[in-house]
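Accompanying notes for the structure given below.
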Amino acid sequence: MIKEKEKSLIYFIIFIILAFIGGMVELYSIFIDQLFTFMQTGNLISIIIDLYKLNLEIIYPLFSLLLFLIFIFIFTLIKEKYLKEHKHSYIKLSLILLIINSLIMVFIPRNILINLNDFTLDISRLLSILFNTLFGVILLYSFTYFHHILFIPTMMSNNLRQASSLLAKALVNKNKNNELSKFKTYSIIIIFFILGALTSGGYLTYKDLIFDNLFNYQRYNQNLIYIFIFILLIIAFILYLIDRRYIKEDGELIDE
């Protein structure tokens with residue numbers, strides 16, 4: 001049986017790995033799709049700018065934003081119905097869906113284009129946006145709590161706010177409520193998100209020099225997605241080894 005300290009350490013490692021993947025996928029989407037997968041505020045601003053300019057490129061950020069809203073709506077319905085009827089954890093199911101989604105992303109075909117007068121609609125890009133957005137939404141429904149700390153492994157705005165706020169509270173309250181420990185947790189999560197983004201950006205920037213453009217028939221540099229799949233498989237294997245009683249019925253991790 002896994003001891004409490006070991007269990008907490010394992011879960012914390014999983015959390016920071018998910019944050020690492022979040023950074024990788026976000027940078028991948030910015031490089032490949034020229035928009036944000038997770039931070040839909042950026043896409044909303046792009047939509048407004050394209051609307052003012054009457055730019056048909058508005059299709060892509062609008063598509064991502066609508067998909068994000070639709071997927072959130074659908075997953076919330078499924079989550080509520082699934083949990084109420086079956087009382088099973090959705091965490092492992094989320095990981096399976098992420099792996100399947102990643103495998104599909106690997107084989108997105110290239111150069112599926114439709115010419116519309118003065119505008120060329122890139123179907124390949126739309127497919128990439130679809131599966132990248134779906135990846136982000138599924139990740140939002142994975143792990144969100146650690147030692148009663150709410151965090152998002154994809155969008156860092158809340159994590160940054162919490163880290164800064166906790167540091168200030170620790171200084172004012174002389175760390176009476178253990179704010180410093182929580183600040184360190186948020187900081188590590190943010191750092192690993194940044195490391196994931198740097199890894200993704202470094203690969204996409206220097207891949208030709210390092211890997212001689214292996215599998216260059218793939219338009220969207222999907223070689224990087226193999227890393228996503230490998231990491232997700234590691235997480236799934238770790239969870240498989242952990243006793244079920246450490247996962248609550250509503251999908252949240254037990255860390256009391």
Exercise for the section: Look at segment 147-206 and say how many of its residues are without any contact (Cβ under 8 Å) to a residue 24 or more places away in the chain, small (G, A, S) and open to solvent by 20 Å² or more (accessible area, probe 1.4 Å). Expected result: 5
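From the residues in segment 15-68 that are outside any helix (DSSP H, G or I) and in contact (Cβ under 8 Å) with a residue 24 or more places away in the chain, which one is most open to solvent (accessible area, probe 1.4 Å)? Walk me through it before giving the result.
Here is the first cut: in segment 15-68, the ones outside any helix (DSSP H, G or I) are 34-39, 54-55.
Still in the running and in contact (Cβ under 8 Å) with a residue 24 or more places away in the chain: 34-39.
Details: Q34: 112, L35: 14, F36: 65, T37: 1, F38: 3, M39: 67 Å².
So the residue we want is Q34.
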Problem - Number of positions in segment 92-109 that are surrounded by 12 or more Cβ atoms within 10 Å (Cβ to Cβ) and under 17 Å from N223 (Cβ atoms) - result: 9
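Residues checked against (1) at pLDDT 85 or above; (2) under 21 Å from the mean Cα position of the chain (by Cα):
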| site | (1), (2) |
| --- | --- |
| I74 | yes, yes |
| K92 | no, yes |
| L97 | yes, yes |
| I104 | yes, yes |
| P109 | no, no |
| T120 | no, no |
| S128 | yes, yes |
| F135 | yes, yes |
Practice task
Return a yes/no flag: does segment 31-44 have any residue that is touching a Pro at 6+ places or on another chain (Cβ under 7 Å) and not hydroxyl-bearing (S, T, Y).
Solution key: yes
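The values are calculated or read from the model by the stated rules, or taken from the named source; none is laboratory data. Keep in mind the model is a prediction, meaning the values are calculated, not measured. Positions of Cβ are backbone-derived with ideal geometry, glycine not excepted, and every protein chain shown enters the neighbour counts. The accessibility values were calculated without ligands, DNA or RNA, using every heavy atom of the protein model including side chains. Shrake-Rupley method; radii C 1.70, N 1.55, O 1.52, S 1.80 Å.
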